[in-house]
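Read the structure below first, then the notes.
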Amino acid sequence: MGLEKYQNDMAGCSRCSSCKWVPFNQMKSWRFAKACPSISRYNFHAYSGSGKMNMGLSMLEGRSQLTDTVSDIIFHCNLCGACEVSCKIYRDDIDLGEVLEELRTYCVEQGQLVPEHMALIDALKREDNVFGEPKSERGAWADGLGLKDMNREKADILFHAGCRYSYDSELSPIVKGAVELMRRAGADIAVGGREEACCGGRAFELGYRGEMQNFADDMNSRVKASGVSTLVTACSDCYSAFKYLYPRMGKELPVKVMHITEFLSEAVDAGKLCFNRQVPMTVTYHDPCHLGRRSEPYLGEWEGDKLLRPMDRKRTGRKGIYGPPRHILESIPSLELKEMERIKEYAWCCGAGGGVLEAFPEFSAWTAMERIQEALSTGADALVTACPWCTRSFRDAMSTNGVRLPIYDITEIAIQALGS
């Protein structure tokens, strides 16, 4: 890997600034026309995808050096992937998202470290979770649910909760509801309990790829030993790691990987879940970055001139998980879905990704409030999403800004609609 691999990508950037905006044919208003939180917040070209490409090329060619200021700009990015979606429409030979990731690895290798990120990595090393909470308490959310232990009992499906759901007590009802919905659909489920560990995706995003490798190896060994055929997770970050990052690193899991929305959508179609109770509410849906454009499957490395790369080998963000969540909402009686202006691969980020939540909470909250304002503009009664990090980001941002809009995970709405 290394920046050298992406020299042509960086040199090929035409500085057109398309990475800053939703594509023109997708714009519905000036107010919600921007795509990149970083350039939108700091309004200096270096903060854009193009600006970071320019800095990377300059350092690679020896025209400038990696400084504290440059490193700070590199990490003031949610790694949401919106810039790459817009860029690909005009320059589909440039893998902008991979360049941004490589810049972070370069910073770590050169000793330009963010203290808050170092603390997170230390927590991962000590307790196998990003919060540094006791590993022994990781499975406490499932106490009393009577779920199988993947380490001792055989099951068809492994349910992976992820770090946020395992330790955020306010969100415990959501993950419990997800398991209840799966059981109502007839699923045979096991969980990792205290042996479950982080997916490692956050470590990769922060530039610590060696740590990611360790967690990927651990996950693979435990999944193989369990004998399950399917892994289901309710965390979009974990889903993105399993579907994209693991295969990219040569660590693809030997089972079918599904997000909870995919599982529930298929259960509805198969008649295994029937929503009988009316939920008279108008909602708008937020596409999590890691469930949408960042979960697009890994397509393999392309060797040679990227101008010759066929379309089916390009990650454009369009193959993320967009249909299943909407199918679930549209299957609920009396529920009306009212879309925001920026949706699916063009969705605005919640602000929690890329280590921004941990290192730059003010920027994270600003990003979240931008999305909440967009949700409010629809006139919806509530904002629904399918990611614990998005839920936490939105709720925390509103608690300090005096704005009131109910935030639901999609499983909470589905539980309401299930009836007795």
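The table below lists the values:
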item	result
Set A382, A375: member being surrounded by fewer than 19 Cβ atoms within 10 Å (Cβ to Cβ) and either modelled with pLDDT under 95 or among the small types (G, A, S) (or both)	A382
Those residues of the range 106-128 which are among the acidic types (D, E) and over 24 Å from G193 (Cβ atoms), in sequence order	E109, E116
When residues of the range 278-307 are limited to those that are loosely packed, with under 14 Cβ neighbours inside 10 Å and among the acidic types (D, E), the one nearest to R91 (Cα to Cα)	D305
Tally of residues being more than 26 Å from the chain's Cα centre (by Cα), without any contact (Cβ under 8 Å) to a residue 60 or more places away in the chain and either assigned to a helix (DSSP H, G or I) or buried (at least 18 other Cβ atoms within 10 Å of the Cβ) (or both) across the range 1-24	3
Residues of the range 129-165 that turn out to be outside any helix (DSSP H, G or I) and either outside the structural domain of R222 (by TED's automatic domain parsing) or within 19 Å of G353 (Cα to Cα) (or both), as a count	6
Residue under evaluation M27, criteria (1) more than 23 Å from Q7 (Cβ to Cβ); (2) touching an Asp or Glu at 6+ places or on another chain (Cβ under 7 Å); (3) surrounded by 14 or more Cβ atoms within 10 Å (Cβ to Cβ), criterion not met	(2)
Qualifying residue in the range 316-324 (condition: assigned to a helix (DSSP H, G or I) and outside the structural domain of A33 (by TED's automatic domain parsing))	yes
Hits in the range 325-344 - residues which are crowded, with 22+ Cβ neighbours inside 10 Å and touching an Asp or Glu at 6+ places or on another chain (Cβ under 6 Å)	M340
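Every residue, every condition in (1) assigned to a helix (DSSP H, G or I); (2) not aromatic (F, W, Y), yes or no:
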position: I332; (1), (2): no, yes
position: W348; (1), (2): no, no
position: G351; (1), (2): no, yes
position: A365; (1), (2): yes, yes
position: T391; (1), (2): yes, yes
position: D396; (1), (2): yes, yes
position: A414; (1), (2): yes, yes
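The values are calculated or read from the model by the stated rules, or taken from the named source; none is laboratory data. For clarity, every value in this text was computed on a predicted model and none was experimentally measured. Cβ atoms come from the backbone with ideal geometry, glycine included; neighbour counts cover every protein chain shown.
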